[in-house]
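What follows is a single structure, written as structure tokens, with notes after it.
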Amino acid sequence: MREQLAELARLQEIDDQLARLERSKGDYPQRIEELTTTLTEQLDLQQGVAEEEKGLQKEQRHLERQIKDHQATIARLQERLSEVKTNKEWDARQKEMDAAKGELTTDEDRLLEIMEKLEGNGDEEEAGEEDLDDFRARAEAEIKDLKGKLGTVDSKMARIRSERDALTVHLDDGLKRIYNRVKEGKQGTAVVPLVRGACGGCYNRIPPQTITEIRRAERPITCENCGRIMLWFGEEENQ
Ligand SMILES: [Zn+2]
């Protein structure tokens, strides 16, 4: 039993170590999540702008072709106007001409609008792209750094966990049950040393008879006040 109780103390040490390591991760996971989300949003936004630009360029090409067609139509109508014989025919041709000119104006106006928009977008995009490249580089560097730190902590924890597994395999089931139950209720601390005749967890005075029993380590002794398992860690620590 003495050996088992010593292992229980070792188990507490390991669990304390694990808890410390877990705490050392701090807000790294949240920070990684935050950076990743922002970066994705920004990249999506940039992609949206690029897609809009593509659409505008396509419309620009289409309008340029249409404008040429309108101009050809107007030239043709102009020619035919000289061959007109009657007033009625003249009116009809003139109407066609007005319609073609109207369409030409509409398309030219829209083309101008698109060109201005593309020009404005281009300037904005250039500035935006630089900002985004900058942010992306910084975010990716920070994510890499945080992941590296987390990775170190995680691999350390994995090593400690396998040590814990090896330890708990041959630990008495009854002891394990007491340990787990107390640990849950007492914020992670189930095993405490005896400190100057008192429980190291709640500083409750322990009667001499119980102290003797704790020193004998023939069975687990729990504190009547806080329920923690009390162990004798040798004169130095316990004085
Ligand atoms: Zn206690």
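Laboratory data are not the source of any read-out in this text; all were calculated from the coordinates shown. The structure displayed is predicted, hence computed values, not measured ones. Virtual Cβ from ideal backbone geometry, glycine too; neighbours counted across all protein chains shown.
For this structure, a couple of remarks:
- Quotient of Cα Rg and 2.2 N^0.38 Å for the range 133-216, N being how many residues it contains: 1.82
- Residues ARG136, ARG2 arranged by fewest to most Cβ contacts within 10 Å: ARG2, ARG136
- Calculated on alpha-carbon atoms, Rg and Dmax of the chain in Å: 41.0, 134
- Here LYS176 is the anchor, and the lysines within straight C-alpha reach of less than 27 Å, apart from those fewer than 8 places off in the same chain, are LYS156, LYS186.
- For the range 96-182, alpha-carbon Rg and Dmax in angstrom: 33.5, 102
- Residue (of ASN87, LEU11, GLY48) at the positive-pole extreme of the chain, dipole from beta-carbon charges: LEU11
- When shorter helices are ignored and each DSSP H run of at least 4 residues is given -39500 (n - 2.57), the per-residue value for the chain at 222 nm works out to -28000 deg cm²/dmol.
- Cross-link reach list, aspartates and glutamates versus LYS88, counting only Cα pairs under 18 Å and skipping chain neighbours closer than eight places: GLU79, GLU96, ASP98
- Other residues with beta-carbon under 14 Å from the beta-carbon of GLY227 carry, at +1 per Lys or Arg and -1 per Asp or Glu, a net charge of +3.
- Over the range 173-238, equivalent-ellipsoid semi-axes from the Cα gyration tensor in Å: 18, 13, 10
- Calculated FRET efficiency, GLU22 to THR222, Cβ-Cβ distance, R0 = 22 Å: about 0.25 to the nearest 0.05.
- Once exposed loop GluC sites (Glu not before Pro) are cut out (DSSP; at most 14 other Cβ, 10 Å), longest piece of the chain: 84-217
- Straight Cα distances below 25 angstrom link LYS68 to the lysines LYS54, LYS58, LYS95, LYS101, LYS117, with same-chain residues fewer than 8 positions distant left out.
- Rounded to the nearest 20, the Cβ-based charge dipole of the range 18-169 about its Cα centre (Lys and Arg +1, Asp and Glu -1) stands at 900 debye.
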